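FYI, it's all coordinate maths here, none of it is from the lab. For clarity, every value in this text was computed on a predicted model and none was experimentally measured. Cβ: placed from backbone, ideal geometry, glycine included. Neighbour counts: every protein chain shown.
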Amino acid sequence: MTKKRILLGILTLFTLYVCYLVYIFVLSPKTNLQSIYLIPQDAVFIIESEQPVESWEKVSNSEAWNHLKKNDYFSNLTQNIQRVDGIFKDNHKLFEFFDDRSLFISIHMISPKDYGIFYVLDLKRIAKLQLLKTYLNTLLDDGYVLSKRTYHEHEILEVHDRDSKETMHLAFIKNQLVASYTHTLVEASIDQYNEPILGRNLNFLEINQKVGHEDLFRLYTQYHYFDDYIKMYSDRPSDWVKRVSENFLFSGFYFDLDENGTLTANGYTNISAVNEYYLEALQKSGTAERSIPKIAPNTTALYMSYGFDSFSEFYKNFEMVQQSDPEQFDSYQEGIAKVEKFLKIDVKEHFVSWIGDEIGVLQIKSHINQGKNDLALVLKANNAKDAKTNLDFVVEQIRKKTPVKFKAVDYKGYEINFLSIKGFFKMLLGGRFDEFDKPYFTQMDDFVVFSDNPNTLKGIIDKVTAGETLSTNEEFRKFDEQFDSESTVFAYSNVPLLFDNMYALADAPTKQKMRKNKDFIICFPQVGLQLTPEDELFESRLVLNYRDVEEVKKTNNLPKQSEPSTPNLATTEITDAVFDLKPIYPNDLNADSFSKKYANGNIRFEVELKDGLKHGRYQEFYFDGTRKIRGRFRNDEQVGTWRFYNQEGEQIFKKRF
């Protein structure tokens, strides 16, 4: 055979190969399958990226990610992602070749206490060349075993890791590569190929199309399964998680990560047709500028704001959307009518008319003890004078019609009163406000603040008079600037303070886990979510800012309000120390006295009260009932001569105030 003929043969083969490639990539019918059709329907979270290698490198090289990797819990949580990260780094050139292809990662509950991760990579037409199946063998060494099996006429490749004893399951479905360490997810994906559910869910597609394809990656949440996901971490039922699962359908966000470690997400959320009605009413009622930070203490752990063009407009919409459920609407109207008839008031005139364009719920770090959360409901008034006039009328009607006899208490120039209408706010605004059952309230300029605990109101008054509010806090102001000034729903959390509140309420095993992971939770000290109406959806914005954990601890090292400093006995007279009494916080502001007892039933101390303040005789006793201290108060101040006794009844110290 001549060299010319050999060369001609090679050229002919090469030409045929090129023609084959042209056919594969250009001329062959476009029968590509969309990745979303292969994701099992019960995905809690879905991550999507068009540039998976570039996006992953930016995230994995960030300071926040490297801090979180030091945490055992987070490391276990992301072990599958870490394993994929290793494959990316070991085979960088291969994955660079795939970097313009869509990658989906979804999380699914596979048992009550465990989840699985599922991957879908769109290979486009390269899948027809079978290159990946061939390349797969080059990825494997003696530490792996490759086997094959068939499920519903699709071949599943199983790569078993001899060291970890784990198996990665892979399948090629048309132009898609699907993979998971959980075989049931790959099998569920093959089932989806024939009958897609999530990929044809109109509510999901609505969010997916609105989010588009921008920035690092997209994250979708399917709220129907969100409750099951949270139960993995806590067996205690959570009302807010249940509400989220029932009221929202899908959220979709596209993310960006800046050089300061701030993760910003913008996207959209749709709501369920079966919700607590106020969400649908809010969606129809416009937005408002947030102003409650003017009186929200700087120790606020959680601030939920609901804004509208006007509360009257929101209330009209709230009544209207309830009519879709006649039974619910009739019950609602009956409840309102019952209150109006009994107290001879008009809810729209005496409440709705004076409420302005924002209401908010505050969860505040307790200034009394760490075992309880301080909760407050704040209503912004459109006219402070009208608010006072109408509330005074309602309080007077309560005084006439009920046996409740409460005398208003003055605290630092603010009047604290009592609204004894059981369950009023739950009836008026829905279940979100059932924490305010029979609240006390005070008015601070354009804001009326309600709480079931009068000491919460005192704490807010203390902070406002001291000028220590969110609006004067530089950290909050800078964070708030990352959002639009107007919103319909706005949620803000000071994570370190919220952590302290949650820790105080947790059981012993949970506290142990929280202590271990504290540094990896509070490194995101501020988190915010904003919802604004757009068509039938909520335009959504989520911001998390990362900070060095030691800086966070310094910034949030706030003194406990109203707690006396521990006396330094090296420099302070003992007599001063023994008469330095701890503050008290009576819940009944009209009580004549307040006392506490030892475990054996003996009185620990008792003091006379006036308007919730210590006023009159004070006595303190030892465990066996022997008197320890006696003296008098006037308007919460110690006056006259105070005496301290030993357990034998002998006077040891006395001091004149």
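Remarks
- At q = 0.15, 0.23 Å⁻¹, base-10 log of I(q)/I(0) for region 451-559 (Debye sum, equal scatterers on each alpha carbon): -0.85, -1.27
- Histogrammed with a bin width of 10 Å, the alpha carbon distances of region 574-656 distribute as 19, 49, 30, 3 percent, first bin at zero.
- Tail fraction, Cα-Cα pairs, region 357-486, threshold 20 Å, whole percent: 50
- Which listed pairs, of K242/K284; K426/K553; K338/K596; K385/K412; K316/K344, have C-alpha distances above 31 Å, in listed order: K426/K553; K338/K596
- Magnitude of the charge dipole for region 276-555, about its Cα centre and with charges confined to Cβ atoms of Lys, Arg (+1) and Asp, Glu (-1), is about 1480 debye.
- The fewest-to-most ranking of K380, K516 by surrounding Cβ atoms within 10 Å reads K516, K380.
- For M444, distant residues with modelled amide H under 5 Å away: V449
- Region 276-555, Cα convex hull volume normalised per residue, Å³: 143
- Over the C-alpha trace of region 423-472, radius of gyration and Dmax come out as 12.4, 35 angstrom.
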